[in-house]
Amino acid sequence: MIFPPTPENIARAADLIRQGKLVAFPTETVYGLGADATNDAAVQRIFEVKNRPTLNPLIVHVASLADIASVADLEGRSDLQDKLRSLQQFWPGPLSVVLPKGKSISSFACAGLPSVAVRIPDHAVALEFIRAAKRPIAAPSANRSSYVSPTTAQHVEAGLGAKIEMVLDGGACSVGLESTIVSLVSPNPVLLRPGAVTFEQLKAVLPELELSRSADTPEQPLSPGLLREHYAPSTKIVLKAKITPSEYPARVGLISFGQIEGSEQESRYSAVNVLSQSGDLSEIASKLFAAIREQDGLGLDLIVVDSCSEVGLGRAIMDRLLRATAKFT
Ligand code: TXA
Ligand code: MG
């Protein structure tokens, strides 16, 4: 059930966490499905509820920089502490950092890896909830495995509602794409997943940062889970640039990144979502997943979606779209 984030409901959510139950909560990126990261049984339940492969590790959420030291093992690692100091300007925010795992964290949360992904979300409800729970919160996106991530409490309820007691409602997520993930446990820092903290921003403070494409191999994936297709709706979805209108089936939806001509909508499309009148990438990112979910519910034969250049936030937008369209192209 969906609950408004009143102090009483946040206290109740925190109690549920301490009892080993799951709570879905808002963050600035997407909604998370949270459990006590130190409780094996609670963490295992996340994998069951999402139908998530147990080899795909979770992100652990904390409320302060000081708490990172209780989740990661930074003893004697002044090199890591230096790198973290350069990254702390992005926290609270949409950045997850992979560090050596601390002992208290359930190895199920880390899929048996010696590392843990950590982040401090930039959302008042998330921070209050984590502080009240007094536990690090392991949380993947609160969707069924391999479906589009949820950016509203209603999305969570539609996908997982029957299986979880509580969804804290924090409104629509402001960023709308999952966090950037950077690994600090490989020889050089590696960008494992692009997000709203951009490669360009990170490179300015971590000059040795590499793109995962150059560092990753199928034999030794740096980030299990990220090699697989993700985020796909049930309706076939393709990039608009990859198809000509003469190939369109009967009922086609358009997800546009900018203003479109009225005639284009009337003549060709059964549904149109314009994500931003001005082509603003932040606005496009924040509305993208909701638009894909909305059109996926319309019984269309095809969804076509715009592209943008892969720089800045555009890198994250195109990453998600290439994953969503991968199984259809
Ligand atoms: O924005 C987000 O990151 C959201 C919100 C809820 O914080 N969470 C999220 O979680 O997107 P999820 O499970 O959908 O994606 C987490 C990804 C995994 O697919 C995995 O590849 C990577 O994080 N990951 C987690 N721990 C890792 C580790 N120790 N080493 C490498 N990659 C890791
Ligand atoms: Mg996910």
Does Ala290 count as surrounded by fewer than 16 Cβ atoms within 10 Å (Cβ to Cβ) and either part of a loop (DSSP other than H, G, I, E, B) or within 16 Å of ligand 2 (Cβ to nearest atom) (or both)?
-> no
With respect to Leu74, is the statement that it is modelled with pLDDT of 95 or more and either surrounded by fewer than 16 Cβ atoms within 10 Å (Cβ to Cβ) or part of a helix (DSSP H, G or I) (or both) true?
-> no
Residue ranges of strands (runs of 3 or more DSSP E) in the stretch 86-203 with at least 3 members within 16 Å of ligand 2 (Cβ to nearest atom) and surrounded by fewer than 20 Cβ atoms within 10 Å (Cβ to Cβ) | none
Right, Thr235: hydroxyl-bearing (Ser, Thr, Tyr), modelled with pLDDT of 95 or more and assigned to a loop (DSSP other than H, G, I, E, B) or not?
-> yes
State which residue is modelled with the lowest pLDDT when the search covers only the stretch 275-303 and only residues that are in contact with a helix residue (DSSP H, G or I) (Cβ under 9 Å, 6 or more places away or on another chain) and more than 16 Å from Ala324 (Cα to Cα).
-> Gln277
Condition met for Ser270 (under 22 Å from the mean Cα position of the chain (by Cα) and touching a residue at least 12 places away in the same chain (Cβ under 8 Å)) | no
Those residues of the stretch 293-304 which are surrounded by 20 or more Cβ atoms within 10 Å (Cβ to Cβ) and either touching a Leu at 6+ places or on another chain (Cβ under 6 Å) or not in a strand (DSSP E or B) (or both) amount to Arg293, Gln295, Leu300, Val304
Considering only the stretch 98-149, state which residues are among the polar types (S, T, N, Q) and modelled with pLDDT of 95 or more.
-> Ser104, Ser106, Ser107, Ser115, Ser141, Asn143, Ser149
Kindly provide the set of residues from the stretch 29-62 that are under 15 Å from the mean Cα position of the chain (by Cα), of a type outside the set (A, V, I, L, M) and in a strand (DSSP E or B), ordered by number.
-> Gly32, Gly34, His61
Looking across the stretch 159-190 at residues that are farther than 15 Å from His61 by Cβ, touching a residue at least 12 places away in the same chain (Cβ under 8 Å) and among the small types (Gly, Ala, Ser), the single one that is farthest from ligand 1 (Cβ to nearest atom) is Gly161
Subset tally (residues that are within 16 Å of ligand 2 (Cβ to nearest atom) and touching a strand residue (DSSP E or B) at 6+ places or on another chain (Cβ under 7 Å)) for the stretch 50-85 = 6
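The values are calculated or read from the model by the stated rules, or taken from the named source; none is laboratory data. Remember, predicted model here, so these are calculated numbers, not experimental data. Please note: Cβ atoms are built from the backbone with ideal geometry, for glycine as well, and neighbour counts cover all protein chains shown.
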